[in-house]
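Data block below; observations after.
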């Protein structure tokens with residue numbers, strides 16, 4: 001359940017991020033390719049950071065794999081506490097989890113990978129919030145036992 005919830009939240013958060021980039025007037029696909037290079041550099045090295053003149057599919061593939069691996073990892077971590085939440089607190093806890101991931105990813109990890117500083121913006125923050133809310137709600141939905149009636153507040 002956590003794997004499915006993590007993959008689903010990763011997809012929905014990515015779609016939300018692209019929509020927010022578009023609404024903010026940020027250049028597409030340049031911003032997408034920039035973020036792909038940032039992620040791919042984690043395993044491919046900093047040589048992939050300078051923008052190429054054309055999309056490089058190996059970079060996009062590595063970045064996508066990293067994105068979904070992290071989405072599943074974060075879902076597995078959240079699965080330990082999400083099932084204990086009351087229904088009313090799931091969206092708030094998800095947003096708080098997304099905010100925590102934003103701080104860890106964009107402030108903690110930049111100590112090791114400083115190139116991520118360029119992605120510190122309101123779109124990335126909101127994308128992390130979307131991820132957290134969708135992740136926790138999706139996990140709770142998938143974990144629900146259809147044979148047991150829901151109790152209010154549980």
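Could you put 47, 30 in order, starting from the residue whose Cβ has the fewest other Cβ atoms within 10 Å?
47, 30
Exposure proxy check: 127, 14 ranked by fewest other beta carbons within 10 Å?
Ascending number of Cβ neighbours within 10 Å: 14, 127.
What value, in deg cm²/dmol to 500, does the helix sum -39500 (n - 2.57) over DSSP H runs of n ≥ 4 give at 222 nm once divided by the residues of the chain?
-22000 deg cm²/dmol
What length, rounded to one decimal in nm, is gained on full extension from residue 109 through to residue 84, with 0.36 nm per residue of separation minus their alpha-carbon distance?
Working it through step by step, the gained length comes to 6.1 nm.
Describe numerically, in nm with one decimal, the distance between label points set 7 Å from Cα along Cα→Cβ at residue 23 and at residue 7.
Output for this residue pair reads 2.8 nm.
What is the order of 107, 102, 97, 139, fewest Cβ neighbours within 10 Å to most?
With the sparsest Cβ surroundings first, the list reads 107, 102, 97, 139.
Just 61, 112, 125 to compare: in a GNM of the chain, with alpha carbon springs under 10 Å, which one fluctuates most?
Maximum fluctuation in the GNM of the chain, among the listed residues, is at 112.
If I build a Gaussian network model for the chain, linking alpha-carbon pairs within less than 10 angstrom, which residue out of 54, 64, 110 has the largest mean-square fluctuation?
Of 54, 64, 110, the Gaussian network model singles out 54 as fluctuating most.
Please give, to one decimal in nm, the separation of the simple spin-label points placed at residue 47 and residue 121, each 7 Å out from Cα toward the Cβ.
In this crude label model, residue 47 to residue 121 measures out at 2.9 nm.
Readers should treat all values here as calculations from the given coordinates under stated rules, not as data from a laboratory. Small disclaimer: the values here were computed from a predicted structure and weren't measured. We place every Cβ from the backbone using ideal geometry, glycine too, and count neighbours over all the protein chains shown.
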